[in-house]
Amino acid sequence: MAATAAVMVEEKKFSRDEFVEPDENNATDVSWNRPSRKSTSGNWKACWLIFGCEVCERVAYYAISSNLANYLFQQLHENRADAANNVNNWSGTLYLVPLLGAFLGDSFGRYVTLSTFLCIYLMALVLITVSVSVPGIKTEKNQPVSSTQSGFFYFALYLMALGAGGIKPNVTSFAGDQFDEEDPQESKRKMSFLNWWFVSISSGNVFSVTALVYIQVTYGWTWGWGGATAVVALATLLFFSGRSNYRTQKPAGSPFTRVAQVLVAATRKWNVCVPDDDERLYEPSDKEAQFPHIRNLPRSKEFTFLDKAAVVSEKDLQSKEVKPWSLCPVTQVEEVKLLVRVMPIWFTNLIFSSVFAQVGTFFLNQGDTMERHLGRLQIPAASFTLFITLTICIIMPLYDRCFVPFARRITGNERGITMLQRIGIGQVISTVSIAIAALVEMKRLRVARQHGLLDRPQSTVPMSVFWLLPQYALAGVCEVFISVGQNEFFYDQAPDSMRSIGAALYLSTISIGSFISSLLVEMVVKFTSTKGGGVDGNWINDNLNRAHIDYFYWLLTILSIINLGIYVLCARWYTYKNVGDIAI
């Protein structure tokens, strides 16, 4: 029956044998007109140009986000809580829009989508530079901020979020397309690809939080943010210059349509029994497949209701062609199962993102109140994210070159430890980091009280800003384990036809985590401000010496511990994706 149904698939545009020559893989050039050749395209040669694109995007993002809370507080005259919420909401939007970018990338091609949104991103940065430099549009000292000025700035800021939404999910998956997973050598290179990917973007962060933030503080917002715009303009030119070197995969159509087809087909056959024999389920052979780069997935034993979509009914046999809303291949059904399976892992990574959101808000506010001199040089508080980046640049190569080979000899796992174990270790470190942040804040408040600074928020608390170093460094270690682990997990466990969606799922954890952080701030302000109406009861207010951010950090610590327990249960339940007989 399966053979009869499979023969009906006559719509194929090419087969594997017709498409592939000895020196070619299943990818095409960016125009989809010619097969790509391994000897002249893809691999690290193409990856470095794509890396450069993402590095410069990160430079611009951190140049703006690192000091955005201060800009909103100082230039747009927003209070601390509103500034923190607006930063979180913007960051959340920036990491949520990638779901749209991923949909467009998987539907219409990653190169086309990436190119379009890179231009939008550059346009947004030009407008942001205009908003802080052109008289009448930029805010003036000791002058009220008009709705036009704030509206123009926020329009440019959210246009930047839109541009980033198209870049982020597609740049990772497009870089991954440069490696052929069927080639043993290229497949091995791809395993360490994401580690070095994070090292590369971290090097861009170093430049951003040192040079550009210093320029902002010393010479003004125009020079700092204008420099970020120039960097992205250069990256855009370099990206387009490598057009002939890139490999790409022909898009398999809307991923949401593929999911909907399985759900509709399974619902239509709700009363059909699923046979025990997998051979009786519909699955075209490789030669009949419309998209040869999509590898067949064997049937799994979970979510068996969805298997009804692949059952060949009498009505399907009587039809002259396979109707995708009535009969779906096993591989397509398994794609939907993969998405369902990763959702508990996705959910249990949201609290980490809420914790990490404090780096750009309250960590920054803490640093602003402390002694920041190193000799005659005063270190901008926003530049302290440099220690996150330096930690990544130090730990990541050690992880890839030392820890992985050592762990591989013990566990026999090619990655040293599993992706979920890597994420779990990161969650433990994240919990420790926010607990340390709470202890440091308790000490800062004690020093402020001892020196009579409770009602003098503009005065510097005589406590070195380097007390914040442990929480920043641990945040960097968290990135090595949990952020890289999440990126690797969602990319590898995503279906071949939905790799951009996989990248977007990782990014969306950052988005939702930022929104959760914003919601927690609002709830804390609402419930703690009722205590007597005075500032002493408020956990969060403009006078950090009277506030209790340490209580907020302890709240995040408790939530992190609870979340870690739930994550362990979900990780024990999870079954990794299989391609043939190989668990990925």
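The values are calculated or read from the model by the stated rules, or taken from the named source; none is laboratory data. These numbers come from a predicted model, not from an experiment. No Cβ is skipped: glycine too gets one built from the backbone with ideal geometry, and neighbour counts run over all protein chains shown. Areas reflect the complete protein model, heavy atoms only, side chains present, ligands, DNA and RNA absent. Shrake-Rupley method; radii C 1.70, N 1.55, O 1.52, S 1.80 Å.
Matching residues to (1) of a type in the set (S, T, N, Q); (2) modelled with pLDDT of 90 or more:
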{"site": "LYS337", "(1), (2)": "no, yes"}
{"site": "SER354", "(1), (2)": "yes, no"}
{"site": "LEU374", "(1), (2)": "no, no"}
{"site": "PHE387", "(1), (2)": "no, no"}
{"site": "ILE395", "(1), (2)": "no, no"}
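Anything in segment 491-505 that is farther than 18 Å from GLY166 by Cβ and in a helix (DSSP H, G or I)? List them, or say none. Scanning segment 491-505 gives ASP492, GLN493, ASP496, SER497. Selection of segment 57-82 for residues being assigned to a helix (DSSP H, G or I), touching a residue at least 60 places away in the same chain (Cβ under 8 Å) and aliphatic (A, V, I, L, M) yields VAL59, ALA60, ALA63, ILE64, LEU68, ALA69, ALA81.
Confirm whether THR361 is of a type in the set (Val, Ile, Thr) and under 30 Å from ALA83 (Cβ atoms). Taking the combined requirement at face value, the residue satisfies it.
If you go through segment 124-171 and keep only what is without any contact (Cβ under 8 Å) to a residue 12 or more places away in the chain and of a type in the set (A, V, I, L, M, F, W, C), you end up with just VAL134. When restricted to residues that are of a type in the set (Ser, Thr, Tyr) and over 30 Å from TYR567 (Cα atoms), segment 342-386 contains 2.
Out of PRO462, PRO457, PRO470, PRO495, one residue alone is of a type outside the set (Asp, Glu) and touching a His at 6+ places or on another chain (Cβ under 9 Å). It is PRO462. Scanning segment 307-335 for residues being surrounded by fewer than 22 Cβ atoms within 10 Å (Cβ to Cβ), of a type in the set (A, V, I, L, M) and part of a helix (DSSP H, G or I) gives a total of 2. The set of residues in segment 123-145 being under 32 Å from the mean Cα position of the chain (by Cα), closer than 19 Å to ALA83 by Cα and surrounded by 19 or more Cβ atoms within 10 Å (Cβ to Cβ) consists of ILE128, SER131, VAL132.
Residue count for segment 202-255, restricted to those that are β-branched (Val, Ile, Thr), in a helix (DSSP H, G or I) and over 24 Å from SER131 (Cα atoms): 1. Looking only at residues in segment 92-132 that are of a type in the set (A, V, I, L, M, F, W, C) and not in a helix (DSSP H, G or I), the one that is nearest to VAL359 (Cα to Cα) is VAL97. Given the condition touching a residue at least 12 places away in the same chain (Cβ under 8 Å), open to solvent by less than 10 Å² (accessible area, probe 1.4 Å), touching an Asp or Glu at 6+ places or on another chain (Cβ under 6 Å) and more than 30 Å from THR331 (Cα to Cα), answer yes or no: does some residue in segment 492-499 qualify? Within segment 492-499, none of the residues are touching a residue at least 12 places away in the same chain (Cβ under 8 Å), open to solvent by less than 10 Å² (accessible area, probe 1.4 Å), touching an Asp or Glu at 6+ places or on another chain (Cβ under 6 Å) and more than 30 Å from THR331 (Cα to Cα). Inspect segment 146-169 for any residue being buried (at least 21 other Cβ atoms within 10 Å of the Cβ) and either part of a loop (DSSP other than H, G, I, E, B) or modelled with pLDDT under 85 (or both) and give the result as yes or no. Looking for residues that are buried (at least 21 other Cβ atoms within 10 Å of the Cβ) and either part of a loop (DSSP other than H, G, I, E, B) or modelled with pLDDT under 85 (or both), one finds at least one in segment 146-169, hence yes.
Every residue, every condition in (1) at pLDDT below 85; (2) closer than 21 Å to LEU237 by Cα; (3) open to solvent by less than 10 Å² (accessible area, probe 1.4 Å); (4) acidic (Asp, Glu), yes or no:
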site	(1), (2), (3), (4)
GLY92	yes, no, yes, no
LEU96	yes, no, no, no
GLY109	yes, yes, yes, no
VAL112	no, yes, no, no
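In the set (1) of a type in the set (A, V, I, L, M, F, W, C); (2) at pLDDT 80 or above; (3) out of contact with any helix residue (DSSP H, G or I) (no Cβ under 7 Å at 6 or more places or on another chain), the condition left unmet by ALA289 is number (2).
For THR236, the requirement of being surrounded by 15 or more Cβ atoms within 10 Å (Cβ to Cβ) and modelled with pLDDT of 85 or more is met. In the set (1) open to solvent by 10 Å² or more (accessible area, probe 1.4 Å); (2) touching a residue at least 40 places away in the same chain (Cβ under 8 Å), ASN538 fails one condition alone, (2).
From the list ALA260, ALA230, ALA265, ALA211, the lone residue that is modelled with pLDDT of 75 or more and either of a type in the set (Lys, Arg) or open to solvent by 40 Å² or more (accessible area, probe 1.4 Å) (or both) is ALA230.
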